[in-house]
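A short worksheet on the structure shown next.
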Amino acid sequence: MTLPFNVFPLNYMSMKKINIMGYTQPQLEELMLTLGQKAYKGGQVYNWLYKVRQYDFNKMTDLTKEVRQRLDKDYVFDLLELEKELVSQDGTRKFLFRLSDGNPVETVLIPGGDRTTACISVQSGCALGCRFCATGSMGLLCDLTPGEIVGQLLGLRERFGSDVFTNVVMMGMGEPLLNLDNVLKALDIITDETGLCVGARKVTISTSGINPGIRKLADLGLKSRLALSLHAATQEKREQLMPVARSYDLDSLMETLRYYTRKTKSRVTIEYILFKGFNDSMEDVKALTRLLQGIPCKINILAYNPVEGLDFIRPTDEEVDAFARKLYPRLPAVMVRKSRGTDVNAACGQLAAQRQMRRN
Ligand code: SAH
Ligand code: SF4
């Protein structure tokens, strides 16, 4: 089902103004000081932006009229435009947003028993070109700003109410650790009690394995969860799937994961997409077991979600279960993740990539 509508009309007239969406609390406090106000006023604006979702300065009633006018003159709320919404038979909803520069951004809402997960993007497209990923085929169009990352979640709350999601995963388009400054600012707003107030442990950052970024998260003492897209247990196979593996090889990646788990005292989630006939043999089970020995982790096995034009083969649910069963006695916490929203192309980047192909 396709429901084209706009929740947020873009304000084309105000392009020259500065976008205030995505400002962190310290930034807003700074701004208030420059307007001759007390710093705590920044906290009030923060509350309006992220809790109340008030996108009209003139209605920010605890600011003086003069401050409201100054803000209105220089700042704008650059919000995402919703271009398309698809609803899957299993209840998964996929959204295609558009940035003010026209670049596409995908967000997915995945309901499940006791939780609903919002899967958000951190870039439009991705530079890393993983062979199985629709986003990878688009190349990098742009980094998302903190406001555009948070804006996806605000858009969902605007449309469905404040408790629409319980968990957030950065598993949409793009590589979080290659847009790290913006991702960290967004994370701050998402997990802040006076921001979007999502518990830090309910937010997951997923990476294809960018060592310097993982080390930085470790040094910062990341409170949120980290997932690594591993997908292959040997250097040779991983390189075939993910060109980024040439820059950060498996040995150094595992070393980095050890560092991360030691520093943060937390487990890392290993994502392993199963491709039939490629990484699903007993040899692969053994290689994976050897590789992950001694790394505090849990492992998610999931079936490849077919992307038009690609030759990989999706295994059946039974084959995925069988692979997980072989792994289970050898490694801790092996879970099978069911694909969701396959009928609406909910896999990373599929919708936007299709749209781009049509345009081309
Ligand atoms: N760039 C980050 C996060 C975005 S991708 C990363 O790679 O981890 C989010 C997840 O979607 C990754 O685990 C990625 O491997 C997976 N993914 C991409 N294309 C897929 C497909 N066709 N089928 C199943 N999973 C896919
Ligand atoms: Fe980029 Fe992640 Fe897709 Fe690889 S899987 S191309 S890193 S978005």
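Below are the figures for this structure:
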{"read-out": "At R0 = 30 Å, FRET efficiency that the Cβ-Cβ distance of V52 and C142 yields, to 0.05", "value": "0.55"}
{"read-out": "Sequence-separation-based contact order of the range 231-295, relative, with Cα cut under 8 Å and 6+ spacing, percent", "value": "48 percent"}
{"read-out": "For R238, net neighbour charge (Lys/Arg +1, Asp/Glu -1) across residues whose Cβ lies under 12 Å away", "value": "-2"}
{"read-out": "Residue-averaged [θ]222 nm for the chain, counting only DSSP H segments that reach four residues, each worth -39500 (n - 2.57)", "value": "-10000 deg cm²/dmol"}
{"read-out": "For the chain: span of alpha carbons on each principal axis (Å, largest first)", "value": "70, 45, 37"}
{"read-out": "Listed residues G22, L35, Y46: farthest to the positive end of the dipole of the range 18-76 (Cβ charges)", "value": "Y46"}
{"read-out": "GluC sites (Glu not before Pro) lying in DSSP loop within the range 205-311, provided at most 12 other Cβ fall within 10 Å", "value": "E308"}
{"read-out": "Exceeding the 25 Å Cα-Cα cut-off - candidates K216/K286; K16/K185; K263/K298", "value": "K216/K286"}
{"read-out": "The chain: most fluctuating residue of T92, T64, T316 per GNM, C-alpha cutoff 10 Å", "value": "T64"}
{"read-out": "The chain, relative contact order [Cα under 8 Å, separation at least 6], %", "value": "15 percent"}
{"read-out": "Gap separating the Cα centres of the range 72-106 and the range 145-190, nearest whole Å", "value": "12 Å"}
{"read-out": "Nearest-20 debye value, the chain charge dipole, Cβ charges on Lys, Arg, Asp, Glu", "value": "620 debye"}
{"read-out": "Among F95, V67, S137 - extreme Cα towards positive end, dipole of the chain, charges at beta-carbon", "value": "V67"}
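Laboratory data are not the source of any read-out in this text; all were calculated from the coordinates shown. Model, not experiment: these values are computed from the prediction. Heads up, the Cβs are rebuilt from the backbone with ideal geometry, glycines too, and the neighbour counts pull from every protein chain shown.
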